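Colleague: The following block contains the structure, expressed as structure tokens.
The values are calculated or read from the model by the stated rules, or taken from the named source; none is laboratory data. These numbers were taken from a predicted model, which means no experiment stands behind them. Because the Cβ atoms are built from the backbone with ideal geometry, glycine has one as well, and the counts that use them run over all protein chains shown. Please note that ligands, DNA and RNA were not included when accessible areas were found on the heavy atoms of the full protein model with its side chains. Shrake-Rupley method; radii C 1.70, N 1.55, O 1.52, S 1.80 Å.
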Amino acid sequence: QSYRRVIFDEYGLPLHLVGGVDDPGYFGEVQRYVDGVAVVSSVDPADPLTMGSWRSAQEIAQLCNRARLFVSASPKESFGMAMIEAMACGTTCVVNGDYRGFIAADLGPHVCGHVTAQRGSIVELIAQALRDDVRIDGSTWAKQKYSVSGMREVLARFINERL
């Protein structure tokens, strides 16, 4: 289903595609959905491979802090760094895929959607989250699990067990 029709027209929330391009072919597939109103991209279509399309950590945090939702439509993720960044900012994350880099029972309560397999449409999951006014702040969990201070003990144990 169309993001514009289901989400933008109903809720007025544009989808911001943020990041750079490593794969011009994939960018070409995505670019056809960018209309500059309902779907906006940080990538310069005239020069998609430019480093200027990538955003700094501060810019990403600013975007996440003002976003209503972070959406990851990827059907498979070994580890979703962008999702963890959004969670650390307290942004509700909507996902629909297999997040095999996480323990499903650990990640599941901190996101909205599916973490073991793609089911249905990500646009429908976004619409449901907005209709139900879902707000999940996973920042405490993300910071405890993935911040340097939170990882210190786990990493030390991992290293010590192998030395």
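Colleague: Just one of L17, L69 is in contact with a helix residue (DSSP H, G or I) (Cβ under 8 Å, 6 or more places away or on another chain), on the phi < 0 side of the Ramachandran plot and at pLDDT 95 or above; which is it?
Modeller: Step by step, each of L17, L69 is checked, and only L69 is in contact with a helix residue (DSSP H, G or I) (Cβ under 8 Å, 6 or more places away or on another chain), on the phi < 0 side of the Ramachandran plot and at pLDDT 95 or above.
Colleague: I'm checking my understanding of the structure. Among residues of region 78-100 that are under 15 Å from W141 (Cβ atoms), not in a helix (DSSP H, G or I) and not hydrophobic (A, V, I, L, M, F, W, C), which one is most open to solvent (accessible area, probe 1.4 Å)?
Modeller: G90
Colleague: Taking region 8-28 on its own, how many of its residues are farther than 20 Å from G80 by Cβ and over 17 Å from the mean Cα position of the chain (by Cα)?
Modeller: Counting residues in region 8-28 that are farther than 20 Å from G80 by Cβ and over 17 Å from the mean Cα position of the chain (by Cα) gives 8.
Colleague: In region 51-77, how many residues are of a type in the set (A, V, I, L, M) and more than 22 Å from V95 (Cα to Cα)?
Modeller: Qualifying residue count for the region: 1.
Colleague: Consider D47 against the criteria (1) over 29 Å from Q118 (Cα atoms); (2) surrounded by 15 or more Cβ atoms within 10 Å (Cβ to Cβ): it satisfies all of them except one. Which criterion is unmet?
Modeller: (2)
Colleague: Right, something else. Considering only region 147-161, I want to know if a residue exists there that is open to solvent by less than 80 Å² (accessible area, probe 1.4 Å) and in contact with a Cys (Cβ under 6 Å, 6 or more places away or on another chain).
Modeller: No, region 147-161 contains no residue that is open to solvent by less than 80 Å² (accessible area, probe 1.4 Å) and in contact with a Cys (Cβ under 6 Å, 6 or more places away or on another chain).
Colleague: Just a yes or no: is a residue in region 63-76 in a strand (DSSP E or B), surrounded by fewer than 20 Cβ atoms within 10 Å (Cβ to Cβ) and charged (D, E, K, R)?
Modeller: For region 63-76, residues in a strand (DSSP E or B), surrounded by fewer than 20 Cβ atoms within 10 Å (Cβ to Cβ) and charged (D, E, K, R): present.
Colleague: V30: surrounded by 12 or more Cβ atoms within 10 Å (Cβ to Cβ), over 17 Å from I122 (Cα atoms) and among the aliphatic types (A, V, I, L, M), yes or no?
Modeller: Numbers: surrounded by 12 or more Cβ atoms within 10 Å (Cβ to Cβ): yes; over 17 Å from I122 (Cα atoms): no; among the aliphatic types (A, V, I, L, M): yes.
Considered against the rule, which asks whether it is surrounded by 12 or more Cβ atoms within 10 Å (Cβ to Cβ), over 17 Å from I122 (Cα atoms) and among the aliphatic types (A, V, I, L, M), V30 comes out as no.
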